[in-house]
Each structure stands twice: as C-alpha cells, then as structure tokens.
Amino acid sequence: MRPLSILAWILVSLVGAASFGVLALARGETISAAWLLTTAICTYAVGYRFYSKFLANRVFGLDPRRATPAERFNNGHDFVPTNRWVLFGHHFAAIAGAGPLVGPVLAAQFGFLPGTLWLVIGVVLGGAVQDFTILFCSLRRDGKSLGQMAKEEVSKITGVTAMIAVLAIMIILLAVLALIVVNALRASPWGLFTIACTIPIALLMGWWMKRWRPGRVGEASIVGALLLLLALVAGGSVASHPGLAAAFTQSGTSITGMMIAYGFIASVLPVWMLLCPRDYLSTFLKITTVVVLGVAILILLPPLRMPALTPFATAGEGPVFAGKLFPFAFITIACGAISGFHSLVASGTTPKMITRETDARIIGYGGMIMESFVGIMAMIAACTLDPGVYFAMNTTPAALAGASDVLNQAGFVVSPDYMQALAAQMGEQTLIARTGGAPSLAVGIAHIFSGLSTALGGKTLSALWYHFAIMFEALFILTTIDTGTRVGRFMLQEIGGHIWPKFGETSWLPSVWISSGAVCAAWGYFLWQGVMDPYGGINALWPLFGIANQLLAAVALCVATTILIKMGRQRYAWVTLGPLAWLITVTMTAGTQLVFSSDPKLGFFARAAALAGSADPSASQRIANFYLDAGITLFFMAVVAMLVFTSAREWWLVLSRRKPAIIHEARYVPTTLVAGD
C-alpha cells in the first residue's frame with residue numbers, strides 16, 4: 001500500500017473507533033443518528049478492504065482463470081453467465097428480504113445500542129464471512145446446494161437429514177417474509193397497485209435485455225426506473241378513485257392467495273424472464289433509496305429519540321415481542337448481521353450465474369455488507385420516531401395495555417388524536433397496531449425524506465413518501481419470495497431425486513411444477529396461520545423465524561468449516577468456527593426458552609396451556625399451532641446438534657489423520673471467456 005493510502009485507512013479506522021466510543025459512552029444525552037451511520041460506514045469499509053481480501057486471497061485462493069459452473073453448464077435456464085453488477089443486484093435483492101428492514105425495527109424495543117453493535121460487528125466477522133464462504137464452496141462444487149454439500153462432505157445420513165431440515169427452515173422463512181408483505185399491503189390500494197405494477201415492468205426489462213436489446217442493461221434500467229416511479233405516482237390516483245380503490249383494497253386472505261400464486265409462477269419461469277430483471281430493478285431502487293436516506297441523515301442530523309437501552313432490555317416483557325436482550329436481540333436481528341437464509345441463495349441461484357470466480361468477493365461479502373447497511377438505516381428510521389408512536393404501531397392493543405405501566409414511567413406514550421393525525425398525514429386510515437415493523441419503518445423513512453422536501457411539504461408529499469417506503473419494503477421481500485421458492489424447489493428436487501432419480505433433474509418440467517407447487521403450498525400454510533392469528537402472527541412467528549434462520553447459519557458454518565479443514569486450510573478455520581460458536585450459544589438458549597419457558601407470552605407450551613378451556617372459537621387451532629411450532633423448533637435444534645457433533649467428529653478424524661481428507665471439488669477447467677466478458 002502507498003503511504004497516502006495507509007494514512008487514509010488509518011483515518012477511517014480512527015473515525016470509526018471514535019464513533020463507537022460516542023455511542024457506547026452516551027448516558028442519557030441526545031445522540032445524532034449520524035454517529036450510527038458513521039460507525040457503520042467506517043467499519044464496513046475496513047472490513048471489506050482488508051478482511052474480505054484476506055479471505056479471497058489467503059483462505060480461498062480465488063482463481064479468475066478457472067471456469068465457473070455458469071460457463072461449464074450454461075443451459076439458458078438456471079446456469080447462465082451473468083454480468084457481475086446484474087448478478088450483484090440479483091443476489092442482493094434475493095438475500096435482502098424483510099430481515100434487514102423488520103428485524104432492527106422490532107429489536108429497537110431494547111434501544112438503539114444493542115442492535116447497532118450486532119449489525120455492524122456481526123456482519124463483518126460473521127454474516128459476510130458465511131455468505132462468501134458458502135458461495136465459494138458451491139462454486140467449486142458445480143453450484144451444489146448446502147444440503148448436498150453437507151451430504152458429501154460430512155456424512156450421507158447427516159446430509160440427508162440436514163437437507164430435510166433446511167427445506168423445513170426455508171418454508172418457515174418464506175412464510176414469515178410473506179406475512180410482512182401481507183400486513184403491509186392489506187387494505188392499502190396504493191401499495192398493492194404499485195407492487196402489482198412491478199411484475200409487468202420486470203417482464204418488460206427481461207425481454208429487453210435478453211431478446212430485444214441484448215446486453216443493453218443501461219437502457220432497460222432507465223426505462224424500468226421511470227416506469228416504477230410512474231407506477232408509484234399513479235398509485236395515489238388509484239387510491240383516490242372509488243372504483244379502482246375498491247378493486248385494489250384486498251383482505252389479508254386475498255393477498256395471501258396472490259402471494260402463493262406469484263411465488264409459484266416466479267419460481268418456474270426462466271431466471272432471465274422475471275427473476276433477474278425484477279431483482280435488478282428492485283436493487284436499483286433499494287440501493288438508491290438507502291444511499292439517499294444516508295445522505296439525508298448526514299444533512300438533517302436527526303436525533304435518536306429512542307434511548308440506548310430501554311427497560312425492556314432486562315425485564316424481558318416487551319410489548320413488541322417477549323424475551324430479554326440476550327438471546328432474543330440476536331435472533332430478532334438475523335438478516336443484516338448473519339442469516340442462514342443467505343447460505344441457501346449462495347448455494348442456490350447465485351453460484352449458477354457467476355461468470356468469474358473473483359466476482360464472488362463483491363457479490364458474497366459485499367452484498368452482505370450492503371444488506372447490513374440497510375439494517376442500520378432501518379434502525380435509525382425506527383429510533384428517530386417518537387417512542388410512543390413506535391410502540392403504538394408495533395404492538396397490539398392487548399399487549400400495549402399490559403405494558404402500559406412501564407411505558408408510562410418511561411414516557412413512551414402518545415394520544416389517540418396524535419396517532420389519527422399521523423395516519424391522515426400518511427394517507428392511511430389508521431396506524432395503530434400495524435404490527436410487523438414495515439409500517440413503522442415507512443413512517444420513519446417518510447419523516448426523514450419529508451425533512452428534505454419541506455419546501456413542498458403537505459399531506460400529499462408525506463403520503464407519497466410513506467407509500468414509496470412501503471413499495472421499497474415490499475420489493476425487498478418479494479424478491480426473496482421468488483428466489484427462496486426457486487431455491488426450495490431445487491432442494492425438494494434433490495431430496496426427491498434420492499427416491500426417483502428423474503425427479504432430481506432440475507430441467508424436467510413435471511418435476512419443476514410439482515416441487516414448486518409443494519413448496520408454495522407448505523409456506524402458504526404457515527402464512528395463512530399467521531394471517532388468521534388474532535395477534536397479528538408476528539409475535540409468534542418472528543422468534544421462530546429468527547431461531548430457524550440462525551440455526552440454518554450454524555448448519556452452513558459447520559459445512560464451511562469441514563470443507564476448509566479438508567482443503568488443508570485448518571489454520572484458517574477460526575474464520576468460521578468463531579461465528580459458529582456464538583450462534584450455537586445464542587440459538588440453543590433462545591430455542592430452549594421459546595419452547596419451555598413458563599411465561600405465557602414467550603413459551604409455546606405455556607401459550608398453549610394458557611388457552612386451554614378458552615371460549616375463543618379459534619383457541620383449538622391456535623393451541624395446535626403452538627404445539628406444531630414447538631415441535632418444529634425442537635426438530636431444528638436436534639438436527640443442528642447432530643450436525644455439529646458429526647462435523648466435529650469429522651474434523652477430529654481428518655486432523656488426527658485417522659481418515660483421508662477427501663473433498664468433492666469439481667475438476668479444474670480453464671475458462672474460455674476473454675477478459676471483459
């Protein structure tokens with residue numbers, strides 16, 4: 001490095017350390033949101049520049065001269081060499097679902113400090129490492145899935161069990177992500193119309209880049225962005241038109257059916273037709289919005305109105321969700337810090353589309369860094385809200401009443417008249433008990449963007465920004481739904497292929513349709529369960545989502561560690577063993593509490609017992625759901641415990657030379673692509 005470059009990086013490191021100090025040492029005084037932003041940016045920059053380069057060169061040894069699966073198996077359907085930035089867009093859109101938006105908003109009930117530290121430190125040392133490592137491993141194994149790699153590298157029985165568990169975890173993840181969209185779009189004609197328009201816009205972009213004007217990514221991007229803005233503005237007119245508003249005002253159950261149908265169609269179409277252009281379009285919107293939001297924060301310097309720590313951090317009786325800061329802050333914020341779902345994308349669609357091995361660094365590590373940045377923006381948007389507004393929006397009336405004493409003592413209250421005025425300002429009928437995190441995040445974003453445009457001001461502008469934020473959030477999630485369903489289809493085909501080899505052929509259409517339909521039906525059931533839950537579904541399903549997601553990350557890190565040891569890179573195994581040890585501690589603790597806690601607000605068995613003898617007509621179904629959730633959680637924990645044990649045994653056998661280190665890398669094939677392809 002040149003002296004000037006060294007000096008610049010020392011300066012970046014010092015600024016980041018100073019920002020950490022300001023956040024950690026604050027004792028009640030008002031803190032600007034800019035300190036959170038500065039902390040994150042400096043840490044991300046240092047982590048990407050140095051740690052990801054160390055992983056790419058020293059640990060993995062990425063080789064740009066080696067042909068990737070996309071080049072060797074190019075079939076125009078699933079294996080397609082893709083432009084680095086278009087693929088970055090697809091990968092980022094696929095991994096950045098509801099998690100980095102909703103998780104930090106929900107965890108804000110503990111205060112701004114715990115979530116911020118977990119987002120920033122967790123991603124550099126854990127989340128980005130997992131994504132990058134699994135992407136590299138899959139690239140070297142013909143784009144194989146996480147479950148298939150577990151079967152080959154650990155053991156067949158463990159691998160098959162892990163594949164089944166991973167598929168079950170995927171189903172839970174997709175159901176919870178879809179529930180966020182349903183809660184945000186129900187009875188919202190403006191939002192539903194705008195989101196519906198993104199589908200034909202993406203199809204148009206796909207045909208433009210593949211058939212009409214091949215390679216003209218810039219042209220398609222401009223057209224897509226303009227049409228997207230037009231759809232957003234037109235949504236306001238639709239919402240104000242009596243006939244059109246009625247047509248686009250749908251119940252939660254109706255939107256559930258639409259979501260399931262969309263997931264099926266998107267998962268069976270060729271990736272270039274809907275998946276890639278939609279993801280690229282949404283990534284364009286996402287990154288632009290997040291960057292503008294960051295600039296707005298640096299200009300406006302909004303104060304953080306949520307304290308660093310709230311009373312709920314230690315009491316464990318928060319109205320948004322039950323549980324103490326440890327371990328529940330670390331499973332509530334999953335995506336953005338470390339997320340097992342990413343390992344499915346990194347061993348699903350993405351490795352089948354990478355043109356050069358060296359692109360894995362920006363896509364795997366860089367994509368996760370960008371997602372964490374989104375999580376920081378969500379934390380800032382939530383914590384700049386009045387705490388009273390935050391709790392009124394994210395809590396059901398019953399839970400709000402139960403926590404009223406603590407909220408009153410902390411001063412976290414607002415009047416019903418204030419909430420009604422805020423709803424009118426945002427163009428909504430009500431904002432009370434809009435659980436799920438998405439609406440409150442939209443209000444926070446709308447407030448920040450409105451601060452930049454006070455000269456225009458007024459209800460219309462606030463409502464426009466609010467629904468822009470809803471579209472921004474829904475696009476994040478829908479891109480995960482379509483990619484996740486496709487990855488789930490790959491996994492189900494792999495499992496079915498052990499029984500009927502023909503079913504395992506990913507290009508055989510009957511297998512594609514059957515497996516996609518089965519995956520959609522499975523996550524659709526849990527989505528329906530959440531929609532019909534009188535308590536909004538989030539309180540019960542989000543902790544289950546968090547545990548499932550983090551246990552999946554533990555599975556991925558076990559497989560990654562096994563592969564590194566078999567490659568002879570055991571001196572670098574600490575890069576995956578550190579995050580693995582932390583995740584096992586957190587998730588096993590949370591899972592035990594979630595199942596066996598005697599608190600009827602937390603434990604699944606306790607919740608079921610509290611409903612026994614209830615006159616509520618839905619009580620029997622809810623009791624059955626709680627027992628099902630408990631069984632699923634215990635199954636996940638048992639599978640992960642088994643995988644950790646068998647993986648550790650494999651490590652010991654290989655390192656003690658009692659077993660040869662057999663790896664299942666594809667043979668080296670030199671690339672035929674010329675520079676610049």
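Points worth noting:
- FRET efficiency estimate (nearest 0.05) - Cβ-Cβ, D417 to I6, R0 35 angstrom: 0.05
- When peptides 364-370, 120-126 are sorted by average Cβ neighbour count within 10 Å, with the highest value leading, the order is 364-370, 120-126.
- Counting lysine pairs in the chain that sit 8 or more residues apart in sequence, or on different chains, and whose Cα atoms lie under 30 Å apart gives 29.
- Accessible surface, 1.4 Å probe, highest first, among residues H90, H664, H241: H241, H664, H90
- Gain in span if fully extended, S254 to I157, counting 0.36 nm per residue against the direct Cα distance: 30.8 nm
- Restricting region 634-677 to chymotrypsin sites (Phe, Trp or Tyr not before Pro) that sit in a DSSP loop and have at most 15 other Cβ atoms within 10 Å of their own Cβ leaves Y668.
- Inter-part distance, region 54-68 to region 165-187, computed on C-alpha centroids, equals 35 Å.
- Packing rank of 254-267, 551-564, where each peptide gets the mean count of other beta carbons within 10 Å, highest leading: 551-564, 254-267
- Length-normalised contact order of the chain in % [C-alpha pairs under 8 Å, at least 6 apart]: 25 percent
- Three-way shape call for the chain based on the alpha-carbon gyration tensor, with the a/c threshold at 1.5: rounded
- Calculated mean residue ellipticity at 222 nm for the chain: -22500 deg cm²/dmol, from DSSP H runs with n ≥ 4 weighted as -39500 (n - 2.57), summed, divided by the residue count and rounded to 500.
- Taking the C-alpha atoms of region 359-426, convex hull volume expressed per residue in Å³: 122 Å³
- Taking every alpha-carbon pair within region 136-237, the share separated by more than 17 Å comes to 70 percent.
- Centre-to-centre, using Cα atoms only, region 591-667 and region 348-422 are separated by 26 Å.
- Potential lengthening between K53 and R211 on full extension [0.36 nm per residue; Cα-Cα distance subtracted]: 53.2 nm
- Ordered from highest to lowest accessible area with the whole protein assembly present and a 1.4 Å probe, I445, I199 read as I199, I445.
- The residues of the chain present an accessible area of 36 Å² per residue when probed at 1.4 Å with all protein chains retained.
- Inter-site label distance for L628 and A606 at 7 Å from Cα along Cβ, in nm: 2.4 nm
- Note on K151: accessible area approximately 40 square angstrom, rounded to 10, probe 1.4 Å, nucleic acids and ligands left out.
- Per-selection Kirkwood Rh - region 286-376 (Cα, Å, 1 d.p.): 16.2 Å
- Overall, the accessible surface of region 149-250 at a probe of 1.4 angstrom is composed of carbon and sulfur to the extent of 74 percent.
- Convex hull per residue volume in Å³, alpha carbons only, for region 244-343: 223 Å³
- Between A648 and L509, the modelled label-to-label distance comes to 5.1 nm, taking each label 7 Å out from Cα in the direction of the beta carbon.
- Region 520-652: C-alpha pair distances exceeding 17 Å, %: 62 percent
The values are calculated or read from the model by the stated rules, or taken from the named source; none is laboratory data. Bear in mind that the values here come from a model prediction, so they are computed numbers and not experimental data. No Cβ is skipped: glycine too gets one built from the backbone with ideal geometry, and neighbour counts run over all protein chains shown. Side chains are part of the model used for accessible areas, which takes the heavy atoms of the whole protein and leaves out ligands, DNA and RNA. Shrake-Rupley method; radii C 1.70, N 1.55, O 1.52, S 1.80 Å.
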